[in-house]
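The values are calculated or read from the model by the stated rules, or taken from the named source; none is laboratory data. From a predicted model like this one, the values you see are computed outputs, not experimental measurements. Please note: Cβ atoms are built from the backbone with ideal geometry, for glycine as well, and neighbour counts cover all protein chains shown. The accessibility values were calculated without ligands, DNA or RNA, using every heavy atom of the protein model including side chains. Shrake-Rupley method; radii C 1.70, N 1.55, O 1.52, S 1.80 Å.
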Amino acid sequence: MPRLASPHTAAAANSSRCVKGFFHHDVFISYRVHADAAFAIHLCGELNAELDAARRQRLHAFLDRRCLIGGAEYAPQFQRALDGARVIVLCVSEDALADAKRIGPSSLGDSVLLEWEFSFRLFDQGKVEILPLFIGTRDDKTDSFRTFNFGHVDPSLFPETPNPHPLSERSLTVRQLVTRVLSIQGVSVFPNEPEK
């Protein structure tokens, strides 16, 4: 089946290409840089190596550090990339969620939560699929892995305040966003093996 041209808005149809030359992305990878960058980079490489048999083309995953055009404003590029994606992967780890617990009305705002907010708007409109990847942790002392037990995340620990990011529609609180992410059937994964 050929891929349908699926610009979700006129802005996506007229958007500039990402630095890799793509208007649309099969997958948008949303992640918190300090917590999950190594995992996201590895995932992007793996996805970009996969072949979409129906289109007889390689998949293209949007990852900020590989696709953003330097010197251009970042927020519109993120919005266009989300709008032009078929699947949005949310990388969720304990460290990524820890930052969300600290959001308050005087915070500058949170870009990851903004991506989640835009993702759910597109999901609710039936324009994308969302896949949370719950990333476990690696214990260097025991050289073992522990899964991220998302069932034990207490949503009441997250603020009942909207994301104060200037581009946020402020339609969902941080607690509501986290609750929605945790309510979607996701996949538990382990972090990457360290490079040797």
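Any idea which of Val181, Val174, Val128 is over 18 Å from Ala98 (Cα atoms) and buried (at least 19 other Cβ atoms within 10 Å of the Cβ)?
Val128
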Listed by first then second residue, the pairs whose first member lies in the range 112-132 and is closer than 17 Å to Asp26 by Cβ, whose partner is open to solvent by 60 Å² or more (accessible area, probe 1.4 Å) and of a type outside the set (Gly, Ala, Ser), with beta carbons under 6 Å and at least 6 positions apart or on separate chains, are Ile130/Phe123
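So if I check each of Gly104, Gly136, Gly84, Gly109, which one is closer than 17 Å to Phe190 by Cβ, in contact (Cβ under 8 Å) with a residue 24 or more places away in the chain and touching a Ser or Thr at 6+ places or on another chain (Cβ under 9 Å)? Steps first, please.
On the way: Gly104 fails: closer than 17 Å to Phe190 by Cβ; Gly84 fails: closer than 17 Å to Phe190 by Cβ; Gly109 fails: closer than 17 Å to Phe190 by Cβ.
That would be Gly136, the only listed residue that is closer than 17 Å to Phe190 by Cβ, in contact (Cβ under 8 Å) with a residue 24 or more places away in the chain and touching a Ser or Thr at 6+ places or on another chain (Cβ under 9 Å).
Rundown of residues vs (1) closer than 19 Å to Ile41 by Cα; (2) within 16 Å of the chain's Cα centre (by Cα), yes/no style:
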site	(1), (2)
Glu117	no, yes
Ile135	yes, yes
Lys141	no, no
Phe150	no, no
Leu157	no, no
Pro162	no, no
Leu167	no, no
Leu172	no, no
Arg180	no, yes
Looking across the range 57-75 at residues that are open to solvent by less than 40 Å² (accessible area, probe 1.4 Å) and of a type outside the set (Gly, Ala, Ser), the single one that is farthest from Glu117 (Cα to Cα) is Leu59
Has the range 151-169 got at least one residue that is hydrophobic (A, V, I, L, M, F, W, C), open to solvent by 70 Å² or more (accessible area, probe 1.4 Å) and closer than 16 Å to Ala100 by Cα?
yes
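Can you report the number of residues in the range 39-56 which are modelled with pLDDT of 75 or more and either of a type outside the set (A, V, I, L, M) or open to solvent by 40 Å² or more (accessible area, probe 1.4 Å) (or both)? Walk me through it before giving the result.
Here is the first cut: in the range 39-56, the residues modelled with pLDDT of 75 or more are 39-50.
If we keep only those that are either of a type outside the set (A, V, I, L, M) or open to solvent by 40 Å² or more (accessible area, probe 1.4 Å) (or both) too, we end up with 39, 41-42, 44-46, 48-50.
Total meeting the criteria: 9.
Out of the residues in the range 13-30 that are in a loop (DSSP other than H, G, I, E, B) and in contact with a Lys or Arg (Cβ under 6 Å, 6 or more places away or on another chain), state the one that is modelled with the highest pLDDT. Full working, then the answer.
So in the range 13-30, the residues in a loop (DSSP other than H, G, I, E, B) come out as 14-24.
From what is left, the residues that are in contact with a Lys or Arg (Cβ under 6 Å, 6 or more places away or on another chain) are 15, 23.
Details: Ser15: 49, Phe23: 71.
This residue is Phe23.
Considering Asp83, Asp95, Asp99, which residue is charged (D, E, K, R), modelled with pLDDT of 90 or more and more than 19 Å from Ile41 (Cα to Cα)? Can you show your working first?
Details: Asp83 fails: modelled with pLDDT of 90 or more; Asp95 fails: more than 19 Å from Ile41 (Cα to Cα).
Selected residue: Asp99, the only one of Asp83, Asp95, Asp99 that is charged (D, E, K, R), modelled with pLDDT of 90 or more and more than 19 Å from Ile41 (Cα to Cα).
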